[in-house]
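Since the structure comes first, as structure tokens, the remarks are kept for the end.
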Amino acid sequence: MKIYIKYIVNKFIKLLFLVSFIFFLLVLLLNLLEELNFFKDSDEGLYYPLLLNIINAPSILVNIFPFIFLISTQFLLINLIEKNELIILKNFGIDNLKLIVIISLVSFIASVFIIIFFYNFSAKLKHFYLDIKNSFATDNKYLAVITDNGIWIKDEIKNEKFIINANLIEGNILKDVVITQFDRNFSPKKYIYGEIVNIEKNDWVIDKAIIIENNLRIIKDDLLFQSNFNSEKINTLFSNLTSLTIWELFKLREEYTSVGYSIKEINLHLQKIYSFPVYLTILTIFASVLMLNVPINKPKLFYLIMGIFVSVLIFYINHFSSLLGENNKLPVTLSVWLPHVIVSILTGIGMVRINEK
């Protein structure tokens, strides 16, 4: 690698680390208030708020990397322009287009590294974070999981414990349900069987329920069963995908498929992961084109504000498109890649005659 290319690469990587570190400190500062608020009624002191703040920060930082890459690219080009190094680079045959290619390649390789290593590392920390926080939550006696053997729910109502197992879930309906009621000593007390259970509300409706208690068998139509769970709460419990590594997401998708649970959110999340290196690379190119096409006689604060504004705008376009995918207004793949295509088209227009700048 030629010296001037090494210079550009090293300068860009150092800026990425510096801006990432600054944003990491900001995340720690802002998120600490939330953790302190969570433990305000406990006597745990500062240990758990500080611990949870630190292990949750990498997961938050993953979502901020688009801002980091865009702003880092801006400051790289500002620095090169202010020191008249663009002119020197052109004397060595590095025109604006080649400069963008070098920066974008570094961006792509760095983003692949982030996905393979940093994302999975942050997901493990996020899982640890949620485990600790759930142990302090007021409703930690309730639990819902999906395994190869179906959906399992642990519930507690009026000091009575219940273990609920269902083979399938379709919308607001649980199918082939077995509800086992236990006494305070955790000994089986009653069994309730139902082929179809409506869980739209907390009062479940069990169609043609079979009740077995004290060796007696009773059949009841539309039996009401009170629960702390409904379909909305179950969906919320299963929607935190940021605490799973890529390989765990693949496994979870198989488990969801086996019980008939919707895998749309998992596919959407995986598509975002697949597109992440492309997304950051596009933003890097976009920031480069933006900086090379605007007058340079503005203060640095102007470029910083402009970069943040563009980043936020693109973020909300991505978020809006993802919502369309979640609500079946757009196919999942299209909802993730469409914003990237739009930004790529705008970037391509800006790259016309980029070497004339």
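Just so you know, all these numbers are worked out from the coordinates, no wet-lab data involved. Keep in mind the model is a prediction, meaning the values are calculated, not measured. Neighbour counts run over all protein chains shown; Cβ positions are idealised from the backbone, glycine included.
Points worth noting:
- For the chain, modelled as a GNM whose springs connect Cα atoms under 10 angstrom apart, the maximal fluctuation among 128, 113, 92 occurs at 92.
- Taking Cβ atoms as reference points and 13 Å as the exclusive limit, the residues near residue 127 contribute a net charge of +1, counting Lys and Arg as +1 and Asp and Glu as -1.
- The residues packed around residue 326, meaning those with a beta-carbon under 15 Å from its beta-carbon, carry a net charge of +1 if Lys and Arg are +1 and Asp and Glu are -1.
- In the chain, one over the average inverse separation of all distinct C-alpha pairs is 23.9 Å, which is the Kirkwood hydrodynamic radius.
- Neighbour counts of other Cβ atoms within 10 Å put 337, 204, 247 in the fewest-to-most order 247, 337, 204.
- With a threshold of 28 Å on the Cα-Cα distance, the over-threshold entries among 220/264; 126/154; 154/329; 124/190; 14/83; 272/329 are 220/264; 154/329; 124/190.
- Its alpha carbons considered, the stretch 143-228 gives a radius of gyration followed by a Dmax of 12.2, 34 Å.
- Ranking of 177, 19 by neighbouring Cβ atoms within 10 Å, starting from the fewest: 19, 177.
- Put in line by how crowded their Cβ is, counting other Cβ atoms within 10 Å and starting with the fewest, 347, 281, 73 read 347, 281, 73.
- Exposed loop sites were defined as GluC sites (Glu not before Pro) in DSSP loop states (anything but H, G, I, E or B) carrying at most 16 other C-beta atoms within 10 Å; in the chain the longest segment without such a site runs 201-357.
- Site pair residue 345 and residue 36 shows an inter-label distance of 4.8 nm when each label is modelled 7 Å from Cα along Cα→Cβ.
- Rg of the Cα atoms in the stretch 88-208, relative to 2.2 N^0.38 Å, amounts to 1.92.
- From its DSSP helices (H runs of at least four residues, each -39,500 (n - 2.57)), the chain gives a residue-normalised ellipticity at 222 nm of -20500 deg cm²/dmol.
- Per-residue ³J(HN,Hα) for the stretch 158-171, Karplus 6.51 cos²θ - 1.76 cosθ + 1.60, θ = phi - 60°, Hz, x for Gly and Pro: 6, 6, 9, 9, 10, 10, 10, 10, 9, 7, 9, 10, 9, x
- Each Cα pair under 8 Å and six or more residues apart adds its separation to the average, and for the chain the resulting relative contact order is 17 percent.
- Net charge, residue 92 excluded, C-beta distance under 11 Å - Lys, Arg +1, Asp, Glu -1: +1
- Mean separation of Cα contacts under 8 Å, 6 or more apart, over the residue count of the stretch 143-228: relative contact order %: 19
- Share of Cα-Cα pairs in the stretch 1-160 lying beyond 30 Å, as whole percent: 41
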